[in-house]
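Participant: Shown below is the structure under consideration.
The values are calculated or read from the model by the stated rules, or taken from the named source; none is laboratory data. Computed from a predicted structure; not experimentally measured. All Cβ positions, even for glycine, are placed from backbone atoms using ideal geometry, and neighbour counts span all protein chains on display.
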Amino acid sequence: MNKNDFIKLINEEIKDFDFLGNDANQKEVDNINILKNKDLQKQFICDSLLNKNTKIKIDILDAIVSGDYEEGPEESNNVNIEYNLKIFYTSDQSNEPLTFDLTFDGDNVPIGVDSDYDKGNWAGTMPDSTAPSGGDWISSVNWGYISVRMWLDGEEVPFDAFKLAPKRIQNLFIREYCKDAIEDKIPVKEKRPDSVKNIPYC
């Protein structure tokens, strides 16, 4: 290899080498700009309500649920939730999934609890006794008390489409993600659950 070819080769290698990680930084900026797009955010909200099982994969990062829901119908008033998720969202099958975090936080979220618990009756002998049956469940949740935030690599992304969505859509979105976390503690059986099909949004 002569001197000129060698210098040319070295210059090409230097050109291709990303000394300062600019490529990674640019990709992060591009992803943030994509996530900031209100149309994409609205599509994500609708896919969460209609196509969650096919377009969205979830990793649970942290789930903390507490409250007085075990105190019975008369004394149960609230639930607290901290729920952090890693989202892998395939908005377009031709592109790699978008990866970002969602956090849900709610303190003293108002709830209602119903029960059909029967403590049973011990009659002295097994044939004459009745075993305990039934239990408690959450019959209503004020989902609007739970806040939602979107993050990418530790930087908050304004979730503008969510803020602009109708209140019923906001509540359905929160319920879609948080209901499972709460049901790990106590069943959730709302008396008159809302449906996205009843709201002109998606």
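Participant: Taking segment 61-108, which residues are buried (at least 16 other Cβ atoms within 10 Å of the Cβ) and on the phi > 0 side of the Ramachandran plot?
Facilitator: The answer is Gly67, and nothing else.
Participant: Scan segment 45-90 residue by residue and report those that are aromatic (Phe, Trp, Tyr) and part of a strand (DSSP E or B). Reasoning before the result, please.
Facilitator: Quick first cut of segment 45-90, residues aromatic (Phe, Trp, Tyr) only: 69, 83, 88-89.
Those that are aromatic (Phe, Trp, Tyr) and part of a strand (DSSP E or B): Tyr83, Phe88, Tyr89.
Participant: Condition test on Asn31, is it surrounded by 12 or more Cβ atoms within 10 Å (Cβ to Cβ) and either of a type in the set (Val, Ile, Thr) or at pLDDT below 85 (or both)? Step through it out loud before you land on a result.
Facilitator: On the way: surrounded by 12 or more Cβ atoms within 10 Å (Cβ to Cβ): yes; either of a type in the set (Val, Ile, Thr) or at pLDDT below 85 (or both): yes.
Yes: the conditions hold for Asn31.
Participant: Just to be sure, is Glu183 exposed (fewer than 13 other Cβ atoms within 10 Å of the Cβ), at pLDDT 90 or above and of a type outside the set (Gly, Ala, Ser)?
Facilitator: Working: exposed (fewer than 13 other Cβ atoms within 10 Å of the Cβ): no; at pLDDT 90 or above: yes; of a type outside the set (Gly, Ala, Ser): yes.
No: the conditions fail for Glu183.
Participant: Any residue that is touching a strand residue (DSSP E or B) at 6+ places or on another chain (Cβ under 6 Å), modelled with pLDDT of 90 or more, in a strand (DSSP E or B) and of a type in the set (Ser, Thr, Tyr) - is there at least one of those in segment 135-147?
Facilitator: yes
Participant: Turning to a different aspect of this structure: How about segment 165-189: which of its residues are over 24 Å from Asn84 (Cβ atoms) and of a type outside the set (Lys, Arg)?
Facilitator: Pro166 - this is the single residue of segment 165-189 that is over 24 Å from Asn84 (Cβ atoms) and of a type outside the set (Lys, Arg).
Participant: Then there's this: Could you give me the residue pairs with C-beta distances under 9 Å whose first residue belongs to segment 141-161 and is at negative phi and crowded, with 17+ Cβ neighbours inside 10 Å, whose second residue is of a type in the set (Phe, Trp, Tyr) and part of a strand (DSSP E or B) wherever it lies, and which are 6+ apart or on separate chains?
Facilitator: Ile146/Tyr83; Ile146/Phe104; Val148/Phe104; Met150/Phe100; Trp151/Phe100; Leu152/Phe100; Val157/Phe100; Val157/Trp151
Participant: Considering only residues that are in contact with a helix residue (DSSP H, G or I) (Cβ under 7 Å, 6 or more places away or on another chain) and either surrounded by fewer than 15 Cβ atoms within 10 Å (Cβ to Cβ) or charged (D, E, K, R) (or both), which ones fall in segment 162-172?
Facilitator: Lys167
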